[in-house]
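Written out below as structure tokens is the structure these notes cover.
The values are calculated or read from the model by the stated rules, or taken from the named source; none is laboratory data. Values in this document were obtained by computation on a predicted structure and should not be read as measured data. Using ideal geometry, Cβ is built from the backbone for each residue, glycine included, and neighbour counts are taken over all protein chains shown.
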Amino acid sequence: MYIKSNTFQDKLYKDLKAVKEDNRLTIKAEKTTNYYKMDRDKYDNLVTNVTKTYKKTSKEEIQSINREPRLSVLQITSGSAIA
């Protein structure tokens, strides 16, 4: 049984084949719907440069930061917050 394809399916097949044959990484952009092609070495270098500027912190500091909004919500729901 032969199924006749259309131009959309042909393009889809060609695009899928091109993605499978490409050795580069496909990286999703952070705040957009864009995707980028990048070699693994460039990606590793980029990630290393970005993450080395972040300051590491303790679990206690993270818990303290997360506790502040929780306390605000508890005050609002218990009626002790000033309207």
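For the range 32-66, what are the residues that are surrounded by fewer than 10 Cβ atoms within 10 Å (Cβ to Cβ) and of a type in the set (Gly, Ala, Ser)?
Listed by number, the list holds a single entry, Ser58.
Among the residues of the range 14-48 satisfying the criterion of being within 13 Å of the chain's Cα centre (by Cα) and charged (D, E, K, R), which is modelled with the highest pLDDT?
Lys28
Does Thr51 qualify as being under 17 Å from the mean Cα position of the chain (by Cα) and either at pLDDT 85 or above or at positive phi (or both)?
no
Could you tell me how many of the residues in the range 8-31 are surrounded by 10 or more Cβ atoms within 10 Å (Cβ to Cβ) and either aromatic (Phe, Trp, Tyr) or at positive phi (or both)?
Qualifying residue count, the range 8-31: 1.
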